[in-house]
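What follows is a short report on a single structure.
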Amino acid sequence: DEFVELVKEPRALALFDHLDLDATDPHGLFDLLDSSRSGVLQEDDFVFGCLRLRGGAKKSSVANVQVKLDMLSRSLQEIKDATLLTKSALASSEQFAAHISKAEKLREMAQESEKNQYLHRSSVCPKKSSFSVMFAGGKQSIPETDRRAMTLKELLGVHNVIAEQCLQEAWVDVISGRPQFPEEVTLYGLNCYHLSPSTAVEFVLLEGLKCSGAMAEQQVVQSNPASLSHYSCPMAVGEVMKDFEDGSTLKVKLLRGRFQSSAVAAGACVSIEGRSCGVPTAVTSPNSVSYKELVSSEEQVPLWYTSHWWGAPVFNFVSCCETHAKLRGLTNPSYWVCAYANRQHDLDAEINVSHLQETSFFKAMQHAEGVLLILCETAMPFQRMWCSFELYVTITANKKVDGTASKMLDVATVSEGKAMIIVEDLLPDEPRRAKMVRQKCFPLLHLEKGMIDSLEQGACYLESDRNKILDFMAADCQEPGSWTDKRRLALKYANEALNAYFALASWPYGIRQNRVHDFEAEDGVRRIDLPSILRVDSKRDSLKFSLAHFHEVTNADIELIAQGLPPNLKFLELDLEGCNLITSLHAFKGCLPRGLLSFRLSVRSCNLMHDHAIITLAKELNGLQCLTEFVLDCGYCKELTYGALAALAKNMPESVKSQQCQVLFRGTEVDKDFKTLEDLIKTGKTSRWANRADLT
């Protein structure tokens, strides 16, 4: 009601008219601006909404239709999900109630009893999914693992499989043995109940056993090795199909999990109806496929590579990919996911190679435009060595000509049921202010971990894999020294880059809390100094940073940014548009890296910016003898006069190329934009300020 009354006021009508917004339907306009659907219009919602809708009634109408369609789509999906859950619950209510009752007893029973109960559930649940029947024979083949990316539609299909089968088949957590609901299922659970059984499309051969006398349909179980003794569910469950005459080989139909050989799982004994048969020396699954090959026969080159932890809910993973594709404006999104791309029954061929450059992981990253790091509630990927490898490859990828990374790094998570994304640069068609609004709700815990964690802290199931990853980093280091020194330096540079990425993402929070120099870590003890983290990123040669329309920014904040500039920068772009409290640029004195090739600065609409600020900056430019490109936007800084322009003309380094020099003074006393160096110098030298000694 307040908004409706506000819209009636002449000043508000004039504003909306200036923005080409149709305010004839106040209620409809309110719905368009209230993107959070809270019923309360916050300042950020209003600013972001106006920026998004400006451009006429036609664009507003389209947006209105889109909003209503989105609302309708969500409502229909909620109805569908509720119906599906109700149907599943009704269909299996007795089974599920009995299952919960049994699960309560599991916590009081010994490990052996837990295993027996799990085996009982395995025997009564469906032996094969519909996928297994459909693709029996493994005829569909995509030879190159790095070309087995999942489309968004296929990822949503995984979501649906979990929703349909989890309650119906009474899935439990493989570690605790507790009953699971669909939204709790992780990749560990999905692999146990669906991926592995489905992709072993024919059978599994277990060799090197003492299994004479085994009979068809008898239950086969492989226990967990000592390293997985805390798991409630056994490593694998199957059913005898055939006992070969030599009494050492079994042909098994896989029901749950994945059988492994003694080389991988030492001490993981196989038993038939409780009779121990030893540990298999070899495990093969002829004609097995990857999950991608199960759902599609068409190869898919990855547009994005996902780095994640298997212990996070699959629903959250899919939600992050869906939101990422929408915000990035991807028309045909595809994501490479190791669980779906690798053939789970032939992992040695997929990843156990002599050089990491030959792994499917590395090859897939070469195809992808960027890496989407998906963080769970505890940010576990920072503690996984394979994730460290993926981040290292992304961070150290060769730079483009303009100094920007050739691989983008986006970070996603789900917080309070909503997927959110942070990116280093702007999203397509995204105003800089909109980025600030979008990223302000990203969990601080994840940002803090990104600033203080180190890649070498990651854990690995196989120590040999960990050493292989560290050796890869050492070999990648171009610095002289011993192998140990190379490994240390490679990790140092990569950690600096990763920590700086999250420091930049945390900077707005630091400004709001007045803690850029004293950011509090998760443990409440360690203090994080954002400028120090950014400054030590010694290999960084490009920096784009925006605080546009961030009204809290003061001269002190500009000083902190200047203090944090890495010493080896070649390309620097700072956007301070609309920061109305800034009056000085003195902070840059002595702080701009001497090797800068390109410097872009916007102080547009900084209403308190005066001549002295630009004169100070101009004098600092005089010392940048490598500078070839300079762009300065001072538009609508109403206090600026010809004095500022004359200072720039006098101090511009000779190295700056004419066509790469732009100085924008529209809306000032000069009221003109200069698109070449010659034009700037000509006007600056003919002004009445040209001969003032204090300009140089």
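Mind scanning K435/K544; K407/K544; K153/K407; K440/K589; K539/K589 and naming the pairs with a C-alpha gap bigger than 19 Å? K153/K407; K440/K589; K539/K589, as the Cα separations exceed 19 Å there. The simple Förster model, with R0 at 35 Å and r as the Cβ-Cβ distance, assigns E9 and N607 a FRET efficiency of 0.90. Annotation: amide H of S546 within the under-5 Å range of D575, sequence separation 5 or more or interchain, hydrogens built in the peptide plane.
When the stretch 515-616 is described by a simple charge dipole with +1 on each Lys and Arg Cβ and -1 on each Asp and Glu Cβ, the residue from N555, A587, L608 located farthest towards its positive end is A587.
Going by the alpha-carbon gyration tensor, a ≥ b ≥ c the square roots of its eigenvalues, is the stretch 501-638 rounded (a/c under 1.5) or, if a/c is not under 1.5, prolate (a/b greater than b/c) versus oblate? Note, shape of the stretch 501-638 comes out oblate. Each Lys and Arg adds +1 at its Cβ and each Asp and Glu adds -1 at its Cβ; summed about the Cα centre, the stretch 133-214 shows a dipole of about 180 debye.
In the stretch 315-363, the portion of solvent-accessible area held by carbon and sulfur atoms comes to 46 percent [1.4 Å probe, whole percent, DNA, RNA and ligands not counted]. Short-range pairs are left out: with C-alpha atoms under 8 Å and at least six residues apart, the relative contact order of the stretch 447-490 is 26 percent. D246 label point, 7 Å along Cα→Cβ, cut-off 14 Å on backbone N: hits in the stretch 194-209? Inside the label zone: 205-209.
Projecting the Cα atoms of H345, P313, N287 onto the dipole axis of the stretch 277-355, where Lys and Arg carry +1 and Asp and Glu carry -1 at the beta carbon, places P313 farthest toward the positive end. Each peptide in 278-285, 412-419 receives the mean, over its residues, of other Cβ atoms within 10 Å, and ordering these scores from highest gives 278-285, 412-419. With θ taken as phi - 60° and the Karplus curve 6.51 cos²θ - 1.76 cosθ + 1.60 applied, the whole-hertz 3J(HN,Hα) list for the stretch 613-628 is 4, 6, 4, 4, 5, 4, 5, 5, 4, 4, x, 9, 7, 9, 5, 10 Hz, x standing for glycine and proline.
Where a ≥ b ≥ c are the square roots of the eigenvalues of the C-alpha gyration tensor, would you call the stretch 433-565 rounded, which needs a/c under 1.5, or, failing that, prolate if a/b is larger than b/c, or oblate?
prolate
Charged side chains reduced to their Cβ positions (Lys and Arg at +1, Asp and Glu at -1) give the stretch 542-696 a dipole of some 460 debye around its Cα centre. Averaged over its residues, the stretch 295-354 has an accessible area of 39 Å² per residue, based on protein heavy atoms and a 1.4 Å probe. The modelled label-to-label distance for the pair H517/A459, using points 7 Å beyond Cα in the direction of Cβ, is 3.9 nm. Across the cross-link table entries K570/K657; K326/K449; K210/K251; K449/K486, which are compared at the Cα atoms, the separations over 18 Å belong to K326/K449; K449/K486. Obtain the nm distance between the two label points defined at S297 and D429 by a simple spin-label model: each point lies 7 Å from its Cα along the Cα-to-C-beta direction. With each label point 7 Å from Cα toward Cβ, the separation is 3.7 nm. The relative contact order of the stretch 188-312, computed from alpha carbon pairs under 8 Å that lie at least 6 residues apart in sequence, is 33 percent. Using the Cα gyration tensor of the stretch 209-298, with a ≥ b ≥ c the square roots of its eigenvalues, what is the shape: rounded (a/c below 1.5), prolate (a/b larger than b/c) or oblate (neither)? Cα axes put the stretch 209-298 in the oblate bin.
The values are calculated or read from the model by the stated rules, or taken from the named source; none is laboratory data. What you see is a predicted model, and the numbers here were worked out from it, not measured in a lab. Please note: Cβ atoms are built from the backbone with ideal geometry, for glycine as well, and neighbour counts cover all protein chains shown. The accessibility values were calculated without ligands, DNA or RNA, using every heavy atom of the protein model including side chains. Shrake-Rupley method; radii C 1.70, N 1.55, O 1.52, S 1.80 Å.
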